[in-house]
Every structure is written in structure tokens, then in C-alpha cells.
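The values are calculated or read from the model by the stated rules, or taken from the named source; none is laboratory data. None of the values given here were measured: they were computed from a predicted structure. Don't worry about glycine lacking a Cβ; one is built from the backbone with ideal geometry, like all the others, and counts go over all protein chains shown. When the accessible area is computed, the model is the full protein with side chains, heavy atoms only, and any ligands, DNA or RNA have been set aside. Shrake-Rupley method; radii C 1.70, N 1.55, O 1.52, S 1.80 Å.
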Amino acid sequence: MHKAEPLKLGTRGSPLALVQARAAAAALIAAHGWTEDSVEIVPIKTTGDKVQDRPLAEIGGKALWTKELDRALLDGDIDFAVHSAKDMESIRPDAIALAAALPRADVRERIIGVSGLDALQPGMRVGTTSPRRAAQLLARVPGLGLVPFRGNVATRLARIEAGEADATLLASAGLGRLGMHDVGTPIPVEAMLPAPGQAIIAIEARAGDATVLSHLAAVSDADAMTALIAERAFAAALGGSCHSPVAALAERYGADFRLRAEILGTDGRERIAGEARFSEIDAASAAETLAKTILNRASPVLRSLFVA
């Protein structure tokens, strides 16, 4: 089938974002039997791509990855947008719907520069601007030095090669999608829970565009969508900001799902973790209940990072 007008897919212009956009386009074309020119990829420069010298939390948070794509979507310049789900804010505009989640890739982190987490020692420098990664590392190795690291994968790897830090962390999923399967050492999720939404490619469309939403639903993976709904509901119920270290991972567990999650103090000294089992239809409510339970166990100092 050839579509008279191609669907316009909006994406960031980084190498990884373009790989993810092409994966979404290929899935749609395969699912519907469309011709190759039925989906047009439209790269859009985001503020998060333009500003590389400061942590996201200092200059506006995760919205810096999404606001230009949101504007293009709502203005009708694109028909749908593809995101790394971990880079999306917990609360999204009502006019934009989460339409699909592609099958989840490897959720683990990879450590680059040293042989593994056990090789980290106090005084070593780790490049990251992620509050979650920083807190998880400091919880494990107090006394680590943190060096602000942003930029695409190639930029971060070059900074390690240049000796700007002893180690850095990158998501296995992103490295795998770029064909860098042998870069770094994977870290078990038991040692380091990922960010909510990590390793999932999320697709959004206008909430009222029934035709596009129907097209996108055909490529959505049910387990990935359930996990994403649960993890995002957990983060949203905490009420935190980009400064707030949060980790969450929902996975199928027999006939149901299991959500493992944690919040941490920025220095890693306090960590509150918990888990919940739930059915597919209870994903959001179970995650919200777990968030409240974890917050209730936190100290006033830790709670203040999340509850205004």
C-alpha cells in the first residue's frame, strides 16, 4: 500500500535519535504493508541538543528534549514524534497522547573506562549529569568525584579517551542501537536499577488524531507499554524534579508484572526501595501506591526532594 501523503515523524537529530526514528518508521511500514516513502523523518533541533555545557536540571529539565517536538506536533508540522522514553517528563500535555511503545531493549547500564563497578574507588572521577546515576554510584562508593558529562555517545566516549574522567555510564540500549555491542561492561539491574522508561522507544501523537493513533497502535508492544505506564506513574506520583534521583523497572512476572523502584538522596547516603506486583490493568494505580509507600518511609530530607 502506498499512502498518498507520507506521515511525518518528528525526532531529535542526534545519531541515536535518528536510529530510533528509523526503527519506528520501519515497524510501521512492515505492520501496514506501506511503501518506504510512506513515512518521512523530520529532524528537529531541541534545546537539549543545543546546550551541552550544563546539566539539564539547571536549564529546564527533560522538557528541553521535548518542547520543540511538542510544538511541531501541536502545530501540525509533524504527525507523530519518537522519543527515548526516559527523556520524557512524567507529566505530558493533555493534547498529546502516548500512542505506542516499541519492544524494550536491554535495560542495563554499561560502565566505560574501568572493568566494572567493583573497580571504582574513592577519589576516582565519573562523568555523568544524571542525578540518579550519581546517587547510585555515591551510595556504592562514597568519595567518588563527579564530572559533568553531556553530549551524544561519541562525545562522551571521546571525553573518556581524553582522560577527562576515569569512567562514565551509558545505556546498553543506546549503545546496542548504534551497533556498539562491545563497548563497556554491563551492570546487572540488581546493582543499578535503570531510569523509568529506559530502553523503550516511545511514540506520541495528537490526542484527537484517531487515524494516526490507530496506525501507531499496530506497532505497540503490550508488555513495554504496561511497563512504561507503571514506571511513569511511579515517577509522576513522587512529584519530583530532574534533580530527584529516581529508578524504576517494571517487568513481566509470570502472568502479572513486578515493579522494582527506589528513590535516593543526592549524595547516595539514603536509599528507599520497594516493589509491587500487579496485573496489566492495575499498572498505574499499583505504581502510585508504591510511590506513596516509599515516600512515607523516607526521611524528611529525602522526602523534600520530591514533595513540594
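For this structure, a couple of remarks:
- Flag: ALA227 matches the condition of being crowded, with 16+ Cβ neighbours inside 10 Å, under 25 Å from THR289 (Cβ atoms) and of a type outside the set (Ser, Thr, Tyr).
- Matching residues, the range 98-141, being assigned to a loop (DSSP other than H, G, I, E, B) and among the β-branched types (Val, Ile, Thr): VAL107, VAL114, THR128, THR129, VAL141
- Each residue in the range 245-257 was checked for being open to solvent by less than 40 Å² (accessible area, probe 1.4 Å) and within 12 Å of LEU193 (Cβ to Cβ), and 6 pass.
- Screening ALA119 against (1) open to solvent by 60 Å² or more (accessible area, probe 1.4 Å); (2) touching a strand residue (DSSP E or B) at 6+ places or on another chain (Cβ under 9 Å) leaves a single unmet condition, (1).
- Residue in the range 293-306 that is least open to solvent (accessible area, probe 1.4 Å), counting only those that are under 22 Å from the mean Cα position of the chain (by Cα) and either at pLDDT below 95 or among the charged types (D, E, K, R) (or both): PHE306
- Among the residues here, GLY113 does not qualify as open to solvent by less than 30 Å² (accessible area, probe 1.4 Å) and in contact with a helix residue (DSSP H, G or I) (Cβ under 9 Å, 6 or more places away or on another chain).
- Strands (runs of 3 or more DSSP E) contained entirely in the range 246-285, each with at least 1 residues that are at pLDDT 95 or above, within 20 Å of the chain's Cα centre (by Cα) and β-branched (Val, Ile, Thr): 246-253, 256-264
- Checking GLU275 against (1) in contact with a strand residue (DSSP E or B) (Cβ under 9 Å, 6 or more places away or on another chain); (2) open to solvent by 40 Å² or more (accessible area, probe 1.4 Å); (3) over 23 Å from MET192 (Cβ atoms); (4) not aliphatic (A, V, I, L, M), the condition it does not meet: (3)
- Every condition in (1) on the phi < 0 side of the Ramachandran plot; (2) buried (at least 17 other Cβ atoms within 10 Å of the Cβ); (3) in contact with a helix residue (DSSP H, G or I) (Cβ under 9 Å, 6 or more places away or on another chain) is met by ARG260 except one, and the failing one is (3).
- Qualifying residue in the range 92-100 (condition: open to solvent by less than 20 Å² (accessible area, probe 1.4 Å) and either modelled with pLDDT under 95 or of a type in the set (Gly, Ala, Ser) (or both)): yes
- Filtering the range 152-172 to residues that are touching a helix residue (DSSP H, G or I) at 6+ places or on another chain (Cβ under 9 Å), farther than 27 Å from GLY265 by Cβ and either surrounded by 15 or more Cβ atoms within 10 Å (Cβ to Cβ) or modelled with pLDDT of 95 or more (or both) leaves ASN152, VAL153.
- Test result for VAL212, more than 15 Å from the chain's Cα centre (by Cα) and outside any helix (DSSP H, G or I): no
- Filter result (of a type in the set (Val, Ile, Thr) and either part of a loop (DSSP other than H, G, I, E, B) or within 16 Å of ILE201 (Cβ to Cβ) (or both)) within the range 6-49: THR11, VAL19, ILE29, THR35, VAL39, ILE41, ILE44, THR46
- Residue check, LEU69 within 17 Å of LEU7 (Cβ to Cβ), part of a helix (DSSP H, G or I) and at pLDDT 95 or above: no
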